[in-house]
Structures are given as C-alpha cells and as structure tokens.
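First up is the structure itself, then whatever we jot down about it.
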C-alpha cells in the first residue's frame, strides 16, 4: 500500500488565509445584508495600470500571429525581462546582479515555498515571529521542523526570532546557529523596515556562520524613507550568503496576473556546489516558465510610463495606510507599520486575543483583518490591516472601527 | 554551515531538453548559414486560435477596470473553468468527476513534478521506459530513487517497465509491487496508445495492490481511434486509485500561455487521509493560482467556437504526423506512433545510437529531433520526431531526411 507524506498531517489547521476566507464566507451567508470590507488578505484592488493593459494586449496580439507566436519560454525567463530587472532593480541601485542570476517565476509565493527544496532536510531554519506562514509551512511539509507544540504554537526544530513591541519588531541575531534564515523587509505582517546598517549585520552574521539568508523583498516598492535598503545586495558580502525573492503583486498589482523573480547569485556556494545551478535545475525540471504575455507585462513595469503610473498606484495605497494608521491612533489604538510598508500592525485592545478581535471586528464593524496569532505565537495580541483596499472602503472601515 | 539537498547531485547531466537546446545553439553558432528545423522539443508552432485571443483580450480589458479587476484567484481555480472542465472533459464522457476535484495550475509539467511531494519518500515508483524525464527526475530530487548506475542508465529503486518494439510499446504489469505508477497515454515519447480494456487492467491492478496511478493525459486531444480512453476515469474503480494530469499546451497551443489541471478524486485515500486534502494543502501553501486572464482563455477552449477552431489545429498537427510517418516509412525507416499521438517514434538505422542519429540528423539534414535514450535506457536505438512544426517545415524536414 502506498504511503503519504506524513509531514502534511503535522500541519495544524488550514492555510491561514483559507481559514479567514471560510470564516468570512460563513458570516456573509448568515448575514447577507451586511456589507463587508476586506482589509485582511494582502490582495490589491486597483485595476492594472494602463501601460500594463497595453503591454498585455500587444503581447496577446503577437500570440495570435504565426510569426510572433511564442511557445515555451526560456528556462530562466525572457532576456528582455531579466535585463530590465537587472538594470532597474539592481544596477541602478549599485547592486552587482547579472541578468542570468535572475529566475523569473509565477510569483513569490511559489518561490518562497519551493526554495527550501534545494537545501538538505537536516538544515535548521530561523524565522521571525510573527512571520508569513508559507516559510514555515513549506518547511513543515519537507520534514524540517520537528514536532508541533499546540500549547505554544511552535515547532521543536525551528528557531523563532520574536519581533515585538519591546524590540521594535527587529529580531536579535539568533542565539543558536540556523542554516537558513528567512527575512522579509519591509516586513509582512508587522510593517517594520530595516536600516542598511542593521541588514549589513545580518549579512555579516550569515557569512561568518555559514548561513543562507532567504530575503523576501516583496514590499520593496513601499519604502519611503532614506537609508532603508531596497535589496539585500546593497549590503557588502550579500552575494555569498543571500537569495532574494521579488514579487510584482504589490508594486504593480499583479496578484491575479502572477509574476515574480528570485535572485541566486553565482557566488553563493556550498563547497563547490553553486546554489544557482541547483535552482536552475529545479526550474528546468519542474517548471515551464511564466506566460509570455505576463513577462511582457512585467517588462512594461520598468518603462518610464510604467514607473510613473505604478508610483501613483503605490502612493494611492500608502494614502490608505496613512488613513488607517492615523485613524486608529486617534481611536486610541497602539499602531505600528504603515510608513515603509502597506501593512498596519496594531495592538488588540485590552486582553483580547487576535482571533477575538477578528471576530469582534467582523461582527460589529463588518471589517476583515488578519489575526496576528495566525503569523506565529509572538503575533498574539496583535492584528494586521492592509492598505490594499479602495480609498473609499478604507475610510469607511476606519470610521466604523472608530465608532466601536 | 548550511547543506544542500544532495539528491540534486545524483542527477546525471542536465534536463534533456536543455541539453538539446545547448547542442543546437552551438551548432547554429558554428554554422550560421544552415537553416535548422526543430522537430525535437514538443513545442507548438501554430498561433493561438482567434477565440483564445478574443478571450484573452476581453479578460485583459476587465483587469484594467476597477469593477472587473481580479486579484488572487480561488485556491483551486475559478469555478467557470472548473465547471467547463468537469462538464466537457468528464461528464460528457460519462466520467463522474466533480468540479471541486479539479485543481487548475500553470501546466502539467509543474503538476507532474510536484505531485510526488504528497507521497512518502519511502514509496517506490514504477515508470515506463522510455519515459518523460520529469517523472523520474522529480523523484530523484526527492530522494526516492536510490543510486544511479551510469552503465545501465537506471536507478536502483525505480521499477522500469520496458516499452519496446517487441511488446508493442505496451508495458507488462510490474513484477515487483510499486507504490506509484506513472502512465502517460497517448504516450510521450513512443506515440503509443492504450485500449480501454488494457487500461482497466492497470486500474484493477492498482486497486488490488494498493498503488496510485499518476495518469498523464496531456495528449488526449490527439486520440483518433475508437476504444482509446480519453480519461482514466472511463475505467471502473479509477476514482480510488488514480490521479489524472491534463495540459492545455497541446490541445490549445498553450505552451507559452501556461495552463493545466490535475484531478484528485475524493475517493482516493490512504487510510483515512484523502489525497485531495493533501494536494489542496499544497496548492494553498505553495501556489497562488493561474492568472485570471489565462483561466478565461482556458474557458474559451470549451466554447463551441473554441472546440471547432482547436479541432482544426489538432488536425493540422496530425497531418504533419502523417507526413512524417509515411515519409519515413517510404524512406525505409521502421516507424511507430503518429496515429493517436503527435509523436513519431522511429528505429535508428543499423546499429546507430540515439545520440549518433541526433548528431547525424542535425549535421546532414539540419533537423532536430530527440534521442530516444534521453527518455530512458529502453529508448536507446530509437528517436522521436514531433508533429508540432509548421506543415511547410515538416514537409521540408522529411524531404531532407529522405535525401540522406
């Protein structure tokens, strides 16, 4: 008799956002008259920018004509896109990343879930707590996390790096040495950012201790302040210790378009083996490239007009962030994030748990947020709201919360 | 110091089609004057059908407007597409498959590489020999295949089921009991098909012995003969033992559009655990859905006009298959496939190895095919040509081969 991968059974409950989706659906079904505002899942609401729509249409036209039809994409992605990424996201920032170190994919969720595959199952991971659930869950599925303790909500073989009000949501260097360190800046879910000097310390630590940093830069476009790095490769020595994940979901509204990329520098090695070669092999074997039309849309993101239009889109969401941040503050909440990130992280009132606050907000204000405890034990007592709603809904949601 | 997944190092050489790509690129660079005809990789050449182009354009328009913009897709795929699949690919054929047993993805290559994840690493796989390399390579990466013997080109823990001229390219039931059985019909690379009765025997065997059949139906649209099943669920009992993989690459020319789906029936269980739940968890955790616009394109495949246009496209390629099959026969080759499949499988002349024939064909005829040995040891002495070129190039290629 065949056997299943038992590691899957260790996962407690379903994927966080599936659970929220089901809860909201059940509430909606029971209260069809209630208008619900969703500031939970980090899904964008603004339509694709005109320059993206034009690029998509043009590429669709090409696909309908024999001479300009495109079949299988090159393994790593089209050169036109990889060159645009290398030029704009790296060279323009003084980072030395070549086009052939960039792997185009269907999004950062796939990459952040799949990247662990190229490492040994014996490797130990370190994650911020709270953290984007995919980093942990994908390692659970691979059997890298030991046993789960329901009382604490932690895994025996995972090194947790608490990010709390007390440390300003900046984790300390881990006391036990991990092999893989997941970092996400600007941070999901806390909205915290990191300075270049602080990130340099992580790079130095990783190089000294022989760790790989998996750096998730999905929210890079929301950085507003100086001295906040847009890429880990702005730090010296990152080429020998860091993999960087990027998404087009949040800077260009591609949550339903699906495009991302991962950088694996050729200098990142374990003995003689380059991680670049391993990731290339995974891509070549288990993936067949992002759609041609979507890669053309990605290219348009880097055009002058694209940059202008998408800057306006990011500004639109950051105005929402400000509305949430200031509104909640006025209402007496303790609030974080929202400056270099589209996420607002708030302390739940009194001794309310995160899920209690979720229920209360849903039932009394018709507003959906994300319980902090869904991101890890140190997220208990916190709550995440996203700036990705429409301006009108965001204002309305905050008015309702104020009225509670 | 972090460690890598050593299983990757066991993989001999690079992915087959990457190797071919590099060889052809090197030859082209050395002989820029030579016109090369590619009948190697199974990539389509006809442009997207008008009905698909229209569906894509309409969906792109929607994405550019606030009210009709679509962000993250539902975990399993949009209902409009899953309903169309369930209705057309299953209910219309008398197969009892529900829409919520269908998981939409970015293609059958991803699914066929990822599906092994939900099974134990201790499970033993059985594959046809020759075989689509992804089935084996993805299991190598997971550590399920033992050690590689370069002399025989086989893995110690894989059960090979030879498909040769002698058995009409129909493998016998394995003598040792496997846990997972990969079957692909119509077959890649041999172009062989299977009758419903013969497939029923596999289903009976799997149910009796407690195996799961991973059934790759990527070439289903090319079936021309009666009594050749379009789905494994046409067989009684398949719901308790079979997973089915589907691609839109070959029936609708989506190699560069990227869309596929996998069926995991709810009756397929290991003890109490449904594989449906495991695959749903994988989808929810490591994947974020196929692009909205691409799913709309998939829906158009099932419209009346879509069916008509794509039937013509399949007929176009099958005319190529006939040209290749008959041309090679006339030229004295021993030829197989090409009737229910877009692949022609030929015996290399004399005692030539597959790669020798590859080099000869490239250098003397400027035609690229795929060496049979690239698909497994029993593929040695065979060679694959695909019907996916243009008609003009296919005719030209066969003329050149005849002239050898």
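Just a few scattered comments:
- Based on the Kirkwood approach, the hydrodynamic radius assigned to chain A is 22.0 Å, with every pair of different Cα atoms included.
- Exercise: per-residue mean of other protein chain Cβ atoms within 10 Å, B:77-83: 0
- In terms of overall dimensions, the C-alpha atoms belonging to region A:41-97 reach 40, 31, 21 Å along their principal axes, ordered largest to smallest.
- Shielding score for B:36-45, defined as the mean number of other chain Cβ atoms within 10 Å: 1
- Going from the fewest other Cβ atoms within 10 Å to the most, the residues A:267, A:111, A:129, B:149 appear in the order B:149, A:267, A:129, A:111.
- Counts of other chain beta carbons within 10 angstrom of each beta carbon in peptide B:231-240 average 0.
- Rounded to 5, the percent of DSSP beta bridges in the protein assembly as shown classed as antiparallel: 55 percent
- Sum of -39500 (n - 2.57) over DSSP H runs of 4+, divided by residues of chain A (222 nm, nearest 500): -10500 deg cm²/dmol
- In region A:53-303, the DSSP beta bridges split such that about 40 percent are antiparallel, to the nearest 5.
- Kirkwood-Stokes translational diffusion coefficient of the protein assembly as shown, alpha-carbon pairs, 25 °C, 0.890 mPa s, µm²/s: 89 µm²/s
- Each peptide among B:284-291, A:152-159, A:391-398 gets the average number of other Cβ atoms lying within 10 Å of its residues, and from highest to lowest they stand as B:284-291, A:391-398, A:152-159.
- Top of B:185, B:72, B:148 by mean-square fluctuation, Gaussian network on chain B, Cα under 10 Å: B:72
- Note: relative contact order over chain A, using C-alpha pairs below 8 Å and six or more positions apart, is 23 percent.
- The translational diffusion coefficient of region B:50-152, from Stokes-Einstein at 37 °C and 0.692 mPa s with a Kirkwood hydrodynamic radius over alpha carbon pairs, comes to 189 µm²/s.
Bear in mind these aren't lab numbers, they're just calculated from the coordinates by the rules spelled out. Treat the numbers as computed from the prediction; the structure is a model and nothing was measured. For neighbour counting, all protein chains shown are included, and Cβ atoms are generated from backbone atoms with ideal geometry for every residue, glycine included.
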